[in-house]
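Asks: Quick one: structure below, then a few questions.
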Amino acid sequence: MTPLLKLWLGFVIIIILMHLFRVNFGPTIPAGLLPIFLGLHDYVFAISTTIFTFVIMLAAYRMLKQAKLPNGAATFRKKTDTLIISIVLCLWIGFAFGTNLEVIVVPPVFALIFESFHAEKFAWRMIPPRLAVLTITAGLAVTVHHLLPESIIWVGVINVVITSVLCKLLKAPVPVAFGVSLMPLRSINGCSCSLSTVQK
């Protein structure tokens, strides 16, 4: 199966599962696509993601006060909206492969698109700061990677700190920006950054 078909199939499966389990958690999308995007072939990624997610959710449950559930049924994203956005993103993936620009397929950004267009209160003024955070984060992340090409730990730490500072300065909490800031790490120590090499 080609990398393009893998991404399409993986994306569709993720969206279907999110609807079946009524999950609004945007990072579910990059969590499902990154193994394909990065060419991971073992279950370490899945196991570590499960463990850390459980630990974080347990900590949040213990530390934060539980919000009262609404009397009515919980609202969920409309199937029509999801279908339209999914088609657009699938076309974008196809365009990236058709033009040999696989690098423009960034799974964390897909999560931001879903979260933004499914937000209950969405305003156009939300776009500039989020766009600025992602753009600056991506640029600085690549710069740090070039300055410290052999240090995975330092590149990761510095990029996470930079992203945190940017989110605070621009007053735009964009969780997926942290995923974008760590994307350059995939090319460290010989890890290929091209989906065309993922042929298994």
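Asks: Report the label-to-label distance for Asp42 and Trp124 in nanometres (one decimal), using points 7 Å from each Cα along the Cα→Cβ vector.
Replies: Going from the Asp42 label point to the Trp124 one covers 5.0 nm.
Asks: What number do you get for the range 101-187 when its Cα radius of gyration is normalised by 2.2 N^0.38 Å, N = residues? Write out the running numbers ahead of the final one.
Replies: Numbers: Rg = 13.3 Å, N = 87, 2.2 N^0.38 = 12.0 Å.
For the range 101-187, the normalised Cα radius of gyration comes out at 1.11.
Asks: Turning to a different aspect of this structure: Cut-off under 18 Å on the C-alpha distance; same-chain residues fewer than 8 positions from Lys6 excluded. Which aspartates and glutamates are left, in chain and number order?
Replies: Straight-distance partners of Lys6: Asp42, Glu102.
Asks: Then there is this: Once phi is turned into θ = phi - 60°, what whole-Hz ³J(HN,Hα) does the Karplus curve with 6.51, -1.76 and 1.60 give for every residue of the range 102-112, x standing for Gly and Pro?
Replies: 4, 5, 7, 8, 10, x, x, 5, 4, 5, 5
Asks: Placing +1 on the Cβ of each Lys and Arg and -1 on the Cβ of each Asp and Glu in the range 86-186, which of Ile93, Pro149, Val174 has its Cα farthest towards the positive end of the resulting dipole?
Replies: Val174
Asks: What's log10 of I(q)/I(0) for the range 91-151 at q = 0.20, 0.28, 0.30 Å⁻¹, Debye sum over Cα points only, no solvent?
Replies: -0.96, -1.11, -1.14
Values in this text are rule-based calculations from the coordinates and carry no lab data. What you are looking at is a predicted structure, and each value in this text was computed from that prediction instead of being measured. Ideal geometry is used to build each Cβ from the backbone, glycine not excepted, and the neighbour counts take in all protein chains shown.
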